[in-house]
Amino acid sequence: TQKTISLWTSRCANRPYSVDEDLNEAEVNGNWTPQEKALHEARLKAKAKRRLRKSSSRNSTSESFSESGDLVGGDPHSPKGKVNTNDRKSRTGKGRGLPKKGGAGGKGVWGAAGMVYEDEEPDVRDPNYDEAAQGDTVYATVVPEVDERELEKMVNPIVQEYFEHGDTKEVQMLLKGLNLGPHKYEFSSLAVSLSLEGKASHRELTSRLLSDLTGKLLSQSDMARAFDKILKELPDLILDTPEAPQMLGQFIARAIADHILPMSFLDCYKGKVDCEHARVALDRAAVLLTMKREMVRLDNVWGVGGGLRPVKHLIKEMNLLLKEYLISGDVTEAERCLRDLEVPHFHHELVYETIVMVLESKGDTASHMMIKLLKSFWKTGLITVDQMNRGFQRVYEELPEINLDVPHAHSIMETFVDLCYQESVITKQLRDTCPSRGRKRFVSEGDGGVIKT
């Protein structure tokens with residue numbers, strides 16, 4: 001086959017007419033070989049493809065319209081009908097023939113003519129954002145809001161420490177460092193609940209704390225919400241503190257007198273309270289406010305706690321405690337009364353008054369009962385070694401003056417000190433320092449009974 005094609009092409013090359021004419025002449029004469037016929041069909045197919053490619057390119061150019069609606073393309077065989085490859089107009093046949101982005105796009109183009117750009121704010125998320133180039137930077141500490149479940153764990157230590165130092169300004173500073181958010185009213189309710197389980201001095205400190213916080217960190221509405229919550233929790237509070245309703249009533253009365261709660265607080269609950277314990281608390285507050293109507297503040301509703309009491313008042317309370325003990329003989333009650341005074345630094349006064357009462361009493365009953373009382377206080381640790389020694393030393397120093405009113409004070413004191421040492425109430429050193437009155441010898445032994453002059 002290759003030989004035939006090569007012979008045929010060489011023959012055609014020497015002829016003055018083209019291959020197509022030779023093939024057409026062979027077709028007319030009917031002298032086509034199969035190879036020539038296949039070659040002819042291949043040429044026809046290639047020629048048809050070239051014509052189709054040219055016609056499709058010319059048709060797409062002729063179908064694009066200008067803004068006036070006239071056809072842009074003309075005769076595809078004319079020079080004007082050739083497609084400009086650098087033209088920005090769409091060659092897909094779908095556009096209107098306008099340039100892209102209205103002529104504002106493309107490489108090296110800043111936008112359309114007459115366009116004015118405004119200053120844009122720098123975006124923090126921009127990779128090229130430079131924080132130092134933005135001027136003075138202000139850093140603010142963001143404190144997350146305290147969760148309601150963690151509020152009690154954070155507030156309890158603050159309140160317990162306040163019961164020790166009593167500084168309301170420190171509590172304010174600590175609360176400012178916490179972001180309590182909408183739960184800030186719960187601080188007041190937690191503080192009152194903790195003070196109900198404590199002493200009278202704790203409740204006095206809590207009332208002062210609430211008074212100092214109102215208007216600075218807490219409002220009257222916050223206080224009203226706090227006491228409303230405590231009134232609802234009274235059935236649970238009386239399980240640990242049976243006197244909670246009465247004490248809560250005193251808290252409410254003190255809060256109204258200190259302008260922590262509005263005067264209309266009690267009126268909001270008239271005829272609307274179903275809980276019996278809440279009614280007791282509100283009635284207690286109403287009675288106290290009626291009794292103290294002329295007083296501006298109910299300052300003494302909790303008494304004067306601890307070392308804030310005058311010394312004369314403490315001495316009077318201790319004397320009353322000892323007299324009640326001599327009548328009842330109840331050591332437990334005497335111990336409770338001494339603890340309620342909250343003056344551990346002043347317990348030496350109790351020891352002093354106990355010894356003086358023994359010296360002034362008649363008979364041995366008071367002596368034995370007082371030794372029993374001091375022994376109980378010694379074992380429980382209510383009276384320390386220093387307080388016990390200081391009380392006895394005070395009596396030793398004032399014994400000459402006491403002897404003026406009690407002539408047998410020295411002998412009674414020696415007996416009492418020996419009994420205390422036998423019961424392990426005092427040390428041997430303290431017993432040995434007890435002053436003894438020397439025996440004055442009026443008659444010399446061997447003088448025959450003659451009194452010396």
Looking only at segment 221-244, count how many residues are more than 21 Å from Leu205 (Cβ to Cβ) and assigned to a helix (DSSP H, G or I). 11
Restricted to segment 399-414 and to residues being surrounded by 14 or more Cβ atoms within 10 Å (Cβ to Cβ) and not aliphatic (A, V, I, L, M), the residue modelled with the highest pLDDT is Glu414
Restricting attention to segment 316-330, does a residue exist that is open to solvent by less than 30 Å² (accessible area, probe 1.4 Å), among the aromatic types (Phe, Trp, Tyr), at pLDDT 85 or above and over 14 Å from Phe227 (Cα atoms)? yes
Identify, from the list Leu218, Leu248, Leu234, the residue that is aliphatic (A, V, I, L, M) and at pLDDT below 90. Leu218
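Answer yes or no: is there a residue in segment 190-197 that is touching a His at 6+ places or on another chain (Cβ under 7 Å), within 23 Å of Thr214 (Cα to Cα) and of a type in the set (Ser, Thr, Tyr).
yes
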Kindly list, by first and then second residue, each pair from a residue in segment 268-280 that is more than 16 Å from Glu243 (Cβ to Cβ) and open to solvent by 60 Å² or more (accessible area, probe 1.4 Å) to a residue that is aliphatic (A, V, I, L, M) and not in a loop (DSSP other than H, G, I, E, B), limited to pairs with Cβ atoms under 7 Å and residues at least 6 apart or on different chains. none
Among (1) within 18 Å of the chain's Cα centre (by Cα); (2) under 28 Å from Thr141 (Cα atoms); (3) modelled with pLDDT of 85 or more; (4) not aliphatic (A, V, I, L, M), which single condition is Ser189 missing? (2)
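The values are calculated or read from the model by the stated rules, or taken from the named source; none is laboratory data. It should be emphasised that the depicted structure is a prediction, and the values quoted were computed from it without experimental measurement. All Cβ positions, glycine included, derive from the backbone under ideal geometry; neighbour counts span all protein chains shown. The accessibility values were calculated without ligands, DNA or RNA, using every heavy atom of the protein model including side chains. Shrake-Rupley method; radii C 1.70, N 1.55, O 1.52, S 1.80 Å.
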